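Worksheet: the structure to be examined is printed underneath.
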Amino acid sequence: MKRIWLILLFICPGFTAHAQEASGVLQLFACKLAPGKTGENVWSVLEMVRANVDRSAPDYDPAFGVFVWTPFRQATGYDYIWGIANANLEGMAAGATNYVESGNAALMGPRFAALGECEASVAFVDQLTQGELGSGEDRVPDAAVETFSCTMRDGTDMDDVVAASRFWQQQMGKIESADLAKYRGSLVRPFRGGTGEADFGWIGSYPDWMSFARGTDAYYGSKEGQAADARFAQISRCRSALWNGYWVVEPRQLF
């Protein structure tokens, strides 16, 4: 399932079957713009977030990052998704505390509220492949992102999802493709919030759309990729979307 889950619901070098450990934690906000608001308004607020981040704080999480996705092709009804990455729940808690105590919550909260309505969630991320992402805190895309929001079929549980994900890892290692080697895939698992419409998700990314095109062809053109997708199809149904991904605040180190 070389696809990216749409994240509104939930978020290793190693892979974990349950939620005790994870590569990282995501706070996700899936948003619809208010009448009269545009992408320029979103960027203006997010760039204000960047300007107010204190990267010298002693408890600054090196995995902390802020990103935004804008639609490329979607079936979600959202105008944009923005998110915050942390290494773990402790890093998320420290960042939330600093956000309030620094005065940034009072400053930024009304600005975000004015942009429109958002559905928020917290998710654990199990990173399955390292892949590549672009870099640069600007308005140039840093990733071609695909998301999948998935519901389990009757009689299926997270152990089946874990097994299918491990199988996917194995199959990916057998496909010879320089572009597919750039793919960064993660299983996303629910923790708090979201719409409740999905049981798990998938996020995948390439550093650019040409890599996406060639890597996708290599995946679906291989018996290994077809077998991996068939395994996921046995246990779940998924809704997909494609996004342009941008760093607003780039992490010092990724999960």
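The values are calculated or read from the model by the stated rules, or taken from the named source; none is laboratory data. Keep in mind that this is a model prediction, so the values were computed, not measured. We place every Cβ from the backbone using ideal geometry, glycine too, and count neighbours over all the protein chains shown. When the accessible area is computed, the model is the full protein with side chains, heavy atoms only, and any ligands, DNA or RNA have been set aside. Shrake-Rupley method; radii C 1.70, N 1.55, O 1.52, S 1.80 Å.
Could you give the distance between the Cα centres of the range 64-127 and the range 179-204, to the whole Å?
Going from one Cα centre to the other spans 16 Å.
With r as the distance between the Cβ atoms of R252 and L89 and R0 = 25 Å, compute the FRET efficiency 1/(1 + (r/R0)^6) and round to 0.05. Write down the numbers at each step before the final one.
On the way: r = 19 Å, r/R0 = 0.76.
It comes to 0.85.
Using the Cα centre as the reference, give the magnitude of the dipole from point charges on the C-beta atoms of the chain (Lys, Arg: +1; Asp, Glu: -1; all else neutral), rounded to the nearest 20 debye. Display every interim value, and only then the final one.
Working: 22 positive and 30 negative charges, 98 e Å.
With only Lys, Arg, Asp and Glu charged at Cβ, the dipole is about 480 debye.
Tell me the relative contact order for the range 100-255 as a rounded percent, counting alpha carbon contacts under 8 Å between residues six or more apart.
Numbers: 252 pairs, mean separation 60.0, N = 156.
Reported as a whole number, the value is 38 percent.
Could you give the length gained on full extension between V140 and A178, defined as 0.36 nm per residue of separation minus the Cα-Cα distance, in nm? Please report the intermediate quantities before stating the final value.
On the way: separation 38, 0.36 × 38 = 13.68 nm, distance 2.31 nm.
Extra length available between V140 and A178 comes to 11.4 nm.
Points 7 angstrom from Cα along the Cβ direction at R214 and A163: gap in nanometres?
3.7
Divide, for the range 166-243, the radius of gyration over alpha carbons by 2.2 N^0.38 Å, where N is the residue count. Intermediate results must be reported in sequence, preceding the final value.
Numbers: Rg = 13.4 Å, N = 78, 2.2 N^0.38 = 11.5 Å.
Working it through for the range 166-243, the quotient is 1.17.
So if we plug the beta-carbon distance of R237 and R73 into 1/(1 + (r/R0)^6) with R0 = 25 Å, what FRET efficiency do we get, rounded to 0.05?
Values: r = 19 Å, r/R0 = 0.75.
Using R0 = 25 Å, I get an efficiency of 0.85.
So what does L180 come to for accessible area, using a 1.4 Å probe and Å² rounded to 10?
10
Modelled label-to-label distance, A34 and N104, 7 Å Cα→beta-carbon offset: nm?
Spacing of the two 7 Å Cα→Cβ label points: 2.2 nm.
When the accessible area of the range 128-227 is computed with all protein chains present and a 1.4 Å probe, what percentage of it is carbon and sulfur? Don't jump to the answer; show the numbers that get you there.
Values: 2150 of 4510 Å².
That share works out to 48 percent.
In bins 10 Å wide, starting from 0, what share of all Cα pairs of the range 93-209 does each bin hold, as a percent?
Pairs per bin, as whole percents: 11, 29, 34, 19, 6, 0.
Can you work out D for the chain in µm² s⁻¹ from Stokes-Einstein, where Rh is the Kirkwood radius over C-alpha pairs, the temperature is 37 °C and the viscosity is 0.692 mPa s? Before the final figure, lay out each step's value.
Numbers: Rh = 18.4 Å.
Result for D is 179 µm²/s.
With point charges of +1 on the Cβ of Lys and Arg and -1 on the Cβ of Asp and Glu, referenced to the Cα centre of the chain, which listed residue (M152, A94, F112) lies farthest in the positive direction of the dipole?
So the residue furthest toward the plus end is M152.
Share of the range 80-123's accessible area from carbon and sulfur, percent, 1.4 Å? Intermediate results must be reported in sequence, preceding the final value.
On the way: 1300 of 2110 Å².
Carbon-and-sulfur percentage of accessible area, whole number: 62.
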